[in-house]
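So the structure is just underneath, and the comments pick up after that.
The values are calculated or read from the model by the stated rules, or taken from the named source; none is laboratory data. This one's a predicted model, so the numbers in the text were calculated from it and none came from an experiment. No Cβ is skipped: glycine too gets one built from the backbone with ideal geometry, and neighbour counts run over all protein chains shown. Protein only, heavy atoms only, side chains kept; ligands, DNA and RNA dropped before computing areas. Shrake-Rupley method; radii C 1.70, N 1.55, O 1.52, S 1.80 Å.
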Amino acid sequence: MSGLWAAAGFVEKKRRGGEHSREEIEDFVAAYAAGRVEEAQATEWLRAVMQAGMSLDETAWLTDAMARSGRILTWDPGLGPIVDKHSTGGVGDDVSLIAVPLAAACGVKVTKLSGRALGHTGGTLDKLESIPGLSTTLTADAFQRQVVEVGCAIAGASTDLAPADKKLYALRHRTQTVASIPLIAASVLSKKIAGGAPNLVIDVKVGRCAFMRTVEGATDLARTIVEVGARLKRTTVALVTDMDAPLASSIGDALELDEALRVLEGGEGGRLAELSLLVAGVMLDLAQGHTGEPRTSTQDMVREALLGGAALAKFEAMVQAQGGRLAAFPRPGRPHEIVAARASGVVEEIDGRAIGEAVVAAQAHLPKGSVFGVRLCRREGDEVKQGETLAEIYGAGVADQMAHLVRQAIRVGRQAPPPRPLVFTRFG
Ligand code: URA
């Protein structure tokens with residue numbers, strides 16, 4: 001068909017396990033971004049990459065081509081240290097909502113190009129858009145202005161920032177072609193390269209609620225991200241962190257935003273707060289040129305910014321700059337359903353992935369800002385007595401169905417699972 005890029009040879013080469021040239025990858029990305037590749041062929045290529053993988057060269061070329069499908073921002077060196085952060089995705093992963101304003105409150109500029117729901121994982125943009133009026137669709141100019149004036153911005157890939165990733169990301173979500181090391185690395189890094197920050201902190205998630213199920217797979221992804229980052233002239237630190245269980249206790253956009261706000265208000269701790277403090281500290285260290293173990297002085301500084309309210313003030317300023325009315329955000333009230341323990345014991349297992357999948361699927365049909373989802377009141381290893389609440393369910397009309405699924409997803413027995421570390425390893 002005229003106008004379409006002849007993708008068959010390109011797809012076939014990867015299907016046979018061949019290695020693309022830089023030119024082939026650039027041609028594919030340009031044609032795909034311009035709407036000249038049939039969706040079925042792009043999907044076939046994604047499937048072939050999932051099977052055959054890509055070399056580091058191919059991954060770097062793909063990253064670079066996707067970043068250059070739009071503008072690449074440049075920043076005035078006089079602005080001071082600039083840093084960006086990203087996660088490879090997991091259930092209840094609300095670290096960006098906390099760490100971005102937290103690092104900005106400590107004096108670094110944070111340029112965060114973020115993503116939407118992907119596979120079974122929620123998206124930072126969707127969570128933020130629970131705030132009435134808030135827009136995550138910023139032009140490159142508006143994004144830059146906000147970073148200069150407020151200190152941080154969280155926006156999506158757009159028509160002028162990494163548009164090829166925006167399109168491919170949505171296709172991967174629709175076609176279950178997410179869990180591939182080169183595709184994740186290129187997607188994450190293309191947005192980071194487009195945002196122009198010279199320093200990147202990437203949170204590589206591992207476990208049942210992540211795309212990488214094993215520490216070996218996540219370590220490979222972390223290594224790939226750091227190496228591709230270096231090839232594209234970015235100083236990159238990757239932390240491999242636990243995502244076997246949901247990080248926050250809430251799953252669902254508005255519930256997660258509420259939980260992140262409770263951390264920013266100083267009222268909530270747990271692993272979400274712990275990891276957010278660590279990530280913000282590493283962002284600060286990196287911005288100051290320190291790439292070793294997290295420094296105690298920096299960790300003290302971010303803790304003070306969280307507990308003293310500076311991070312919350314920065315979050316409020318960011319929301320306001322993006323048109324959001326935080327006071328109009330409906331904080332969740334009483335749940336629509338309760339899942340209670342049928343017997344006393346210890347929570348042996350929570351299938352957070354199944355809960356995440358169900359919440360993401362249902363949310364796609366709900367208006368933005370709907371208070372919908374699941375709040376886990378007991379976590380793996382917690383003791384529970386018969387009749388006590390295991391989980392609260394929000395969502396008028398669908399709570400029954402969700403409660404049934406959550407009941408199946410939580411196993412109460414006799415044996416607490418072994419604890420998992422929060423951070424497994426670090427690269428860069
Ligand atoms: N986040 C992204 O931006 N892309 C991925 O592929 C996974 C997480």
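Data overview
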{"read-out": "Close pairs (6 angstrom Cβ cut-off, 6 or more residues apart or separate chains): under 11 Å from VAL110 (Cα atoms) in the stretch 177-200, hydrophobic (A, V, I, L, M, F, W, C) and within 10 Å of the ligand (Cβ to nearest atom) anywhere", "value": "GLY195/LEU113"}
{"read-out": "Contacts under 9 angstrom Cβ, first residue in the stretch 202-213 being free of Cβ contacts under 8 Å to residues at least 24 places away in the same chain, partner within 10 Å of the ligand (Cβ to nearest atom), 6 or more apart", "value": "ARG213/ALA179"}
{"read-out": "Subset of the stretch 110-148 [buried (at least 22 other Cβ atoms within 10 Å of the Cβ), charged (D, E, K, R) and outside any helix (DSSP H, G or I)]", "value": "LYS112, GLU129"}
{"read-out": "Condition check for VAL347: touching a Leu at 6+ places or on another chain (Cβ under 9 Å), part of a strand (DSSP E or B) and not assigned by TED's automatic domain parsing to the domain that holds GLU216", "value": "yes"}
{"read-out": "Residue in the stretch 300-309 that is of a type in the set (Gly, Ala, Ser), assigned to a helix (DSSP H, G or I) and either at negative phi or in contact with a Lys or Arg (Cβ under 6 Å, 6 or more places away or on another chain) (or both) present", "value": "yes"}
{"read-out": "Filter pass, LEU200 being at pLDDT below 95 and surrounded by 24 or more Cβ atoms within 10 Å (Cβ to Cβ)", "value": "no"}
{"read-out": "Top-ranked residue in the stretch 79-109 [being in a strand (DSSP E or B) and small (Gly, Ala, Ser); ranked as farthest from GLY207 (Cα to Cα)]", "value": "SER87"}
{"read-out": "Residues of the stretch 148-166 satisfying the condition of being under 15 Å from THR63 (Cβ atoms) and either touching a residue at least 12 places away in the same chain (Cβ under 8 Å) or more than 13 Å from the ligand (Cβ to nearest atom) (or both)", "value": "ALA157, LEU161, ALA162, PRO163, ALA164, ASP165"}
{"read-out": "Selection count where residues are assigned to a helix (DSSP H, G or I) and either within 15 Å of the ligand (Cβ to nearest atom) or in contact with a Pro (Cβ under 6 Å, 6 or more places away or on another chain) (or both), scope the stretch 181-229", "value": "24"}
{"read-out": "Selection count where residues are more than 23 Å from the chain's Cα centre (by Cα) and either more than 21 Å from SER344 (Cα to Cα) or open to solvent by 40 Å² or more (accessible area, probe 1.4 Å) (or both), scope the stretch 378-388", "value": "7"}
{"read-out": "Options ALA248, ALA164, ALA157: the member that is under 26 Å from GLN363 (Cβ atoms) and at pLDDT below 95", "value": "ALA157"}
{"read-out": "Only listed residue being away from the ligand (no atom under 12 Å from the Cβ) and open to solvent by less than 10 Å² (accessible area, probe 1.4 Å), chosen from LEU232, LEU247, LEU261", "value": "LEU261"}
{"read-out": "Qualifying residue in the stretch 34-56 (condition: more than 16 Å from the ligand (Cβ to nearest atom) and closer than 18 Å to LEU161 by Cα)", "value": "yes"}
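Here's the yes/no breakdown for (1) within 14 Å of the ligand (Cβ to nearest atom); (2) at pLDDT 95 or above; (3) open to solvent by 10 Å² or more (accessible area, probe 1.4 Å):
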{"position": "SER87", "(1), (2), (3)": "yes, yes, yes"}
{"position": "GLY90", "(1), (2), (3)": "yes, yes, no"}
{"position": "ASP93", "(1), (2), (3)": "yes, yes, yes"}
{"position": "LEU97", "(1), (2), (3)": "no, yes, no"}
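So that you can scan it fast, the table gives a plain yes or no per residue for (1) touching a residue at least 60 places away in the same chain (Cβ under 8 Å); (2) within 22 Å of GLY90 (Cβ to Cβ):
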| site | (1), (2) |
| --- | --- |
| GLU268 | no, yes |
| ARG271 | yes, yes |
| LEU278 | yes, yes |
| ASP285 | no, no |
| GLN288 | yes, no |
| GLU293 | no, no |
| GLN299 | no, no |
| GLY308 | no, no |
